[in-house]
1. What is the residue count in region 102-140 for residues that are closer than 13 Å to ASN92 by Cα, β-branched (Val, Ile, Thr) and open to solvent by 10 Å² or more (accessible area, probe 1.4 Å)?
2. Looking at this structure, is VAL230 under 30 Å from HIS422 (Cβ atoms), in a helix (DSSP H, G or I), open to solvent by 60 Å² or more (accessible area, probe 1.4 Å) and modelled with pLDDT of 70 or more?
3. Pick out the one residue from LYS315, LYS325 that is touching a Pro at 6+ places or on another chain (Cβ under 9 Å) and either assigned to a loop (DSSP other than H, G, I, E, B) or more than 21 Å from MET533 (Cβ to Cβ) (or both).
4. When residues of region 772-792 are filtered for being of a type in the set (Phe, Trp, Tyr) and under 18 Å from ASN480 (Cα atoms), how many remain?
5. For region 496-580, which fully contained strands (runs of 3 or more DSSP E) count at least 1 residues that are under 30 Å from ALA664 (Cβ atoms) and among the acidic types (Asp, Glu)?
6. List, please: which pairs have Cβ atoms under 9 Å, are six or more places apart or on different chains, and start with a residue in region 9-38 that is touching a residue at least 40 places away in the same chain (Cβ under 8 Å) and on the phi > 0 side of the Ramachandran plot and end with one that is among the aliphatic types (A, V, I, L, M) and open to solvent by 40 Å² or more (accessible area, probe 1.4 Å)?
7. Does any residue of region 642-656 turn out to be within 21 Å of LEU545 (Cα to Cα) and part of a loop (DSSP other than H, G, I, E, B)?
8. With open to solvent by less than 30 Å² (accessible area, probe 1.4 Å) and either farther than 23 Å from LYS134 by Cβ or modelled with pLDDT of 75 or more (or both) as the only criterion, which of ILE343, ILE330 stands out?
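The values are calculated or read from the model by the stated rules, or taken from the named source; none is laboratory data. Since the model is a prediction, treat every value here as computed from it, not as a measurement. Because the Cβ atoms are built from the backbone with ideal geometry, glycine has one as well, and the counts that use them run over all protein chains shown. Just the protein is used for accessible areas: all its heavy atoms, side chains included, with ligands, DNA and RNA removed. Shrake-Rupley method; radii C 1.70, N 1.55, O 1.52, S 1.80 Å.
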Amino acid sequence: MADVDLNLNCFHCGADCPDKTLVLNDKYFCCLGCKTVYEILNSHNMAEYYEMNIAPGQTRLNKKKRDFSYLEKPEIQQQLLDFSDDGISVINLFLPAIHCSSCIWLLEHINHLKDGILHSQVNFAKRSARITFKHDLISLIELVELLVAIGYEPTISLEDAGPKKNKIDRSLLYKIGIAGFAFGNVMIMALPEYFDYEDSTLQMFLPFFRWIMLGLSVPVVVFSASEYFVSAIKGLRHKYMNIDVPIALGILVLFLRSSYDIFTNSGPGYFDSLTGLVFFLLLGKIFQRKTYDSLSFERDYKSYFPIAVTKLGDKEESIAVSDLKTGDRILIRNEELIPADCILLKGNALIDNSFVTGEATPIKKISGDKIFAGGKQLGEAIEVEIIKPVNQSYLTQLWNHAVFNKTEHLDFKNFTDRISKHFTIAIMIVATMAAGYWYIVDSSKVFTVFTAILIVACPCALALSAPFTLGNVLRIFGRNKFFVKDANSVERLAEINYLVWDKTGTLTASHGSKLQFVGPALAAEDVAVFKAMARQSNHPLSRMLFNFLPEDVLPISDFKEFPGKGTEAALNRKKFRLGAASFCHVKQEEKRFNETRIYLAIESENVGYFKVQNEYRAGVFDLIKRLNNSFSQTVLSGDGAGERDVLQPVFGDKSTLYFNQKPADKLALIEKLQEKSNRVLMVGDGLNDAGALKQSNFGISISEDVNAFSPACDAILDASKITDLDKYLIFAQKAKKIIIASFILSFSYNLVGLSFAAAGLLSPVVSAILMPLSSITIVVFVTLASNWVAKKMNL
């Protein structure tokens, strides 16, 4: 075996290895638990976990084995699992051991450790992981025991099935309490040092006071400031100089220099500065923690999703999904989302749970079966009864599922990461040069200047600029019924230069359009069949037709919907079709102007059509003309070109309008636009345009009075606010300028602070006060600036 450095700590967790007997691959481990975790990861080719951070694991020493046998009970599983159907389960677990990027990497690759785990998504801010697994291959208890084995024991209680309560980190409060107590008492005992008292009694007690100050400072350094030392050591082991390195060095230098003064009786030391420094640093940490908590807020589902469902009763009516109650009966059409856990009452359900589990295989359900929230109905309309209230955050979590995330270059995030990476090294160089200068000029100021520079310069304010600005923009958008998925999406919205519009249900309104039947009179039974077919579909034209036809419907069978074409159904083996001309056996469609047509066919023979005179949304033409000044635009419509003459003058001669476009055609055209370096915004109805919405750089789903939500979209826009879209785009661009201004402000603050500190005009305590104040300044600036811009734009 090769020579091994006996001073190495545990390779897994960084703890001391007292006996140095547990060795594997020339690596020491403090206990068998840590060694076992390493063996598990190494045997599965997952040693990359240790490359991201040095000693990233949690110690397994003296960990008692817990009994998780209660997780085998079905009633317990039912309370803990978010979803469990067709062999697949989903659970959200609180994992308090999550603390760094290595944790995220390992937990999101946990599927490589055990067959049956499909997907894992970590929420770092909440220290939780949402895990999807096949419970036939790995049981819940096996999953939990695997997490325990690799050092991420979940905290499980039956409260996990109910509302989540915010946990208070009392350790930080204890550290602040001890630092504050020490700081106050040290300041009192240091008063004689500040004044030239000739009182012999005070002079006699000065050495005693100094030793007490040293004693009070020890727990401050060892306990209150421990996080800075741990973080700095881990960073240095990984050959990365994080922001805690200069802070820890400053604290250590002050303590050692002050201790030297006491032991040699050469001075009072700097214990007042030391304890005050740690106290104010921890206060700043409290502020930053609350700031980041506000950025990771979980928006209320009721205000987040402006979608509606069709409630059944004496008559069918659309109600907000937030108004659903247990016991309500609702209608779920083809491609519509199940808003809450329910029981199937009527119809043939074919549920696509890919939104929840990532698995696209549809599951058949029969009357009486339970259907989980987040599933999507494929096929005919079904009637269900709500058995569980709409979860405030569940569908929000689904919307943010990694499957639907768009991984793109984000300028601000990458810029901040680059600056933060080199910031600390630059500060260390400046501090060393300044200390060298003062060693020559006035050696008494060396430690003060060196420490002040290390403390006053901080990239925290820089790191807060982008996320806090974008977070506030999200709030302003939400207040104006424009619901954007996350902060990163706002940055992508600011880069848009090309708009693509769907026509029906987006530019046109569902209400107000006029229908007229052209063709021979239809039998009452046939009319009832066509109404029943229209009832099954969520397409805007189907909704118009359903509202136009008489009340009677018949129980049809074999319903199918063909995207971009139409719908098909049967009654007593008699086949009916509803949709486009070619789909309804029209051999040659005559040229038409300013109208859309819904063709009807019975037994492969066209029997007429409904002429639709579309009602465009009020103000939408003015919106398009305003957008023409700054953006390229086009229309992608699945309908015929009957309204080209209406739309072409609005979009302008330079815009090419596309009609008769199938979903695949829309997606392909957006890809073509992106190949020409365009940043494409797609505005559609959310269901029929799902592919195009996902392919676009930013997808907006227009919501009116139907369940038109698609996980592929990046934002949901209330239809009543569509004419404000240009304001939202401009506001996103101005938010980008606010971030740049906040970067300049943060850089200016650091330059000014460094100048004063290098000149010997700042003490470490004042630097510690200014450090969190820089973050407060940035937060106040971006909040006031974004609110002022929003107010100026009437948002």
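1. Total meeting the criteria: 1.
2. Here the answer is yes, as VAL230 does meet what is asked.
3. Going through LYS315, LYS325 in turn, just one is touching a Pro at 6+ places or on another chain (Cβ under 9 Å) and either assigned to a loop (DSSP other than H, G, I, E, B) or more than 21 Å from MET533 (Cβ to Cβ) (or both): LYS325.
4. Looking only at that region, the number is 1.
5. Numbers: elements: 498-501, 514-518, 557-562, 566-571, 574-579.
Qualifying strands (runs of 3 or more DSSP E): 557-562, 566-571.
6. GLY14/ILE54; GLY14/VAL230; GLY14/ILE233
7. no
8. Result: ILE330 is the single residue among ILE343, ILE330 that is open to solvent by less than 30 Å² (accessible area, probe 1.4 Å) and either farther than 23 Å from LYS134 by Cβ or modelled with pLDDT of 75 or more (or both).
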